[in-house]
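The structure appears below as structure tokens.
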Amino acid sequence: MRGRQIHPPPVAAAASSRVVVAAVAALLLAAALQPLPVASGVDVAAVLAAFPDLAGFARLLASSPVARELAGRSSLTLLAVPNGNLPQSPSAYAAASGADLADVLRYHVLLEYLAPADLRRLPASGKLVTTLFQTTGRAPADLGAVNVTAAGSSLAVVRSPAPFPGSNATVLGAITAVPYNLSVLAVDGLIVPSGFDLAASESRPPTAVNITKVLADARAFNVAASMLEASGVADEFEADERGAGITVFAPTDDAFAGLPAGDRLQSLPAERKAVVLRFHVLHSYYPLGSLESIVNPVQPTLATEFTQAGRFTLNITRANGSVAIDTGVVQATITRTVFDQNPVAVFAVSKVLLPKEMFSRSDSAIVAVASAPPPAALPAESPESAPTKLSSPPALRDTAGNANHTAAAAAVAAAAATTKPTIGRWCIALLYLLLLPLLLPLV
């Protein structure tokens with residue numbers, strides 16, 4: 001006689017299924033709602049510790065305020081001087097030029113990630129790159145930047161942009177890299193910036209950044225600086241700096257010169273011209289590393305805050321090794337860092353950012369929408385369409401393959417460990433949302 005299978009009553013089975021489904025859903029939701037870790041910057045000292053030939057330069061950094069200033073930063077290039085190329089007394093060497101050693105070291109920290117491949121693509125005229133020294137406010141005009149130019153058999157030459165002869169150094173080669181976060185290049189000597197403000201003091205209290213002056217000193221932003229000053233928009237920045245900070249996308253003079261004849265930007269009424277200027281500003285401080293690691297690319301601007309959520313937004317993505325900005329009418333790229341010191345970041349962009357709410361693209365030109373209503377009268381979108389903030393910089397990775405890079409990889413492993421779970425949590429959240437419609441009928 002065959003045994004008879006005993007099945008649980010349908011009601012009991014359904015109740016059991018509901019319990020299991022509810023438990024799984026609760027676990028998925030709890031995992032997805034765990035607080036996300038915050039990615040930190042690269043531990044530069046730990047990275048340099050893997051290379052004994054840079055021990056002298058590493059000691060100089062560690063004994064100066066520069067080490068603390070590098071904490072939390074990303075998208076950097078460090079011009080490191082090997083032991084054999086350092087002067088016998090670096091402090092005396094800097095003092096002989098009327099410079100402070102800490103400022104000389106700041107001049108060796110470029111606020112942009114430059115890999116060897118980037119150096120090989122340099123234009124004949126070179127590339128102006130902002131250094132950490134520029135953020136102190138002691139560098140007149142753009143003398144806190146360096147000009148990086150290609151130089152025959154060597155990777156590049158780094159020199160001051162001053163019109164008179166100054167200090168320079170040749171890039172000997174690439175030491176190591178944490179992609180998009182830290183590139184370490186060896187140079188054949190210390191570089192001393194030109195035009196020190198000897199009366200300035202490191203102990204003076206920080207003041208609000210005069211962004212109009214920053215742009216005027218950078219020389220290539222005369223139109224943007226004059227428009228900000230004339231419109232009064234620049235006066236709005238100081239209060240924003242005391243809050244979450246600001247990020248400014250500044251079109252170069254060449255970008256204004258390249259505007260199509262039909263754009264009618266300069267003929268707009270003053271209040272609408274001010275809207276276009278606010279459209280170039282994010283109401284938070286975002287260094288280049290955060291812009292390069294966006295999760296939600298649609299970002300509100302200062303103009304959004306003067307209108308309604310979902311309007312006057314920028315679409316910011318990473319494309320072909322650069323940060324791309326799409327307005328719906330214009331596609332631009334960030335060409336360089338002009339200024340970066342929390343709470344203010346200023347980036348040069350290749351085109352004037354024209355909002356789709358005020359301009360339209362035809363087959364032959366970009367034209368102002370003359371019949372468009374004033375920005376404050378534009379219809380609001382649903383709250384769900386409001387964009388989110390930018391992500392932290394990406395996980396730190398070291399892809400170098402030789403033995404010297406083992407310690408450098410270990411130095412960034414802790415930061416990588418805190419960011420990897422983020423991907424898993426987003427996947428869990430997505431899985432929960434996908435399964436929820438299937439699970440609800442069972443509950």
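Going residue by residue through region 322-338, is there one that turns out to be at pLDDT below 90 and open to solvent by 20 Å² or more (accessible area, probe 1.4 Å)?
Start the filter on region 322-338 by keeping residues that are at pLDDT below 90, which leaves 322.
Now drop any that are not open to solvent by 20 Å² or more (accessible area, probe 1.4 Å), which leaves 322.
Taking every residue of region 322-338 in turn, at least one turns out to be at pLDDT below 90 and open to solvent by 20 Å² or more (accessible area, probe 1.4 Å).
Please go through region 135-156 and give me each residue that is among the aliphatic types (A, V, I, L, M) and under 19 Å from Leu76 (Cβ atoms), ordered by number.
Listed by number, the residues that qualify are Ala139, Ala145, Val146, Val148, Leu155, Ala156.
Give just the number: which of (1) at pLDDT below 90; (2) closer than 24 Å to Lys356 by Cα does Ala224 not satisfy?
(1)
Checking Val129 against (1) aliphatic (A, V, I, L, M); (2) within 18 Å of Pro193 (Cα to Cα); (3) open to solvent by 10 Å² or more (accessible area, probe 1.4 Å): exactly one of these is not met. Which one?
The failed condition is (3).
Could you run through region 83-126 and say how many residues are modelled with pLDDT of 85 or more, open to solvent by less than 20 Å² (accessible area, probe 1.4 Å) and either in contact with a Phe, Trp or Tyr (Cβ under 7 Å, 6 or more places away or on another chain) or not assigned by the TED database to the domain that holds Val157 (or both)?
Total meeting the criteria: 3.
Would you mention how many residues in region 42-59 are open to solvent by less than 70 Å² (accessible area, probe 1.4 Å) and in a helix (DSSP H, G or I)? Steps first, please.
Pass one, region 42-59, residues open to solvent by less than 70 Å² (accessible area, probe 1.4 Å): 42, 44-48, 50-51, 54-58.
From the residues that got through so far, the ones that are in a helix (DSSP H, G or I) too are 44-48, 54-58.
Count: 10.
Where residues in region 71-96 are within 20 Å of Leu288 (Cβ to Cβ) and in contact (Cβ under 8 Å) with a residue 40 or more places away in the chain, which of them is farthest from the chain's Cα centre (by Cα)?
Here the answer is Leu79.
Being in contact with a Lys or Arg (Cβ under 8 Å, 6 or more places away or on another chain), open to solvent by 40 Å² or more (accessible area, probe 1.4 Å) and of a type in the set (Gly, Ala, Ser): is that true of Ala62 here?
No; evaluated as a whole, the condition is false for this residue.
May I ask you to list the residues in region 49-60 that are within 16 Å of Ser183 (Cα to Cα) and without any contact (Cβ under 8 Å) to a residue 60 or more places away in the chain?
Phe57, Ala58
The rows are residues; the columns are (1) assigned to a loop (DSSP other than H, G, I, E, B); (2) open to solvent by 50 Å² or more (accessible area, probe 1.4 Å); (3) touching a Ser or Thr at 6+ places or on another chain (Cβ under 9 Å); (4) farther than 16 Å from Leu228 by Cα.
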residue	(1), (2), (3), (4)
Pro260	yes, no, yes, yes
Ser267	yes, yes, no, no
Thr307	yes, no, no, yes
Thr317	no, yes, no, yes
Phe347	no, no, yes, no
Lys351	yes, yes, yes, yes
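Taking the conditions exactly as written (aromatic (Phe, Trp, Tyr), modelled with pLDDT under 80, closer than 23 Å to Ala145 by Cα and open to solvent by less than 50 Å² (accessible area, probe 1.4 Å)), does Phe249 satisfy them or not?
No, not satisfied.
Look at Thr135 and say whether it is more than 17 Å from Leu172 (Cα to Cα), at pLDDT below 90 and under 22 Å from the mean Cα position of the chain (by Cα).
yes
Among the residues of region 273-294, are any closer than 26 Å to Leu76 by Cα, among the hydrophobic types (A, V, I, L, M, F, W, C), open to solvent by 50 Å² or more (accessible area, probe 1.4 Å) and assigned to a loop (DSSP other than H, G, I, E, B)?
No, that holds for no residue.
Are there any pairs with C-beta distances below 7 angstrom linking a residue in region 222-241 that is assigned by the TED database to the domain that holds Glu305 to a residue that is at pLDDT 80 or above and surrounded by fewer than 16 Cβ atoms within 10 Å (Cβ to Cβ), with the two at least 6 apart or on different chains, and if so which?
Close Cβ pairs satisfying both conditions: Asn222/Asp253; Val223/Asp253; Ser231/Ala270.
The values are calculated or read from the model by the stated rules, or taken from the named source; none is laboratory data. The shown structure was predicted, so the numbers you read here are calculated from the model rather than taken from an experiment. Backbone-built Cβ (ideal geometry, glycine too); neighbour counts: all protein chains shown. These area figures cover heavy atoms from the full protein model, side chains too; ligands, DNA and RNA do not enter into them. Shrake-Rupley method; radii C 1.70, N 1.55, O 1.52, S 1.80 Å.
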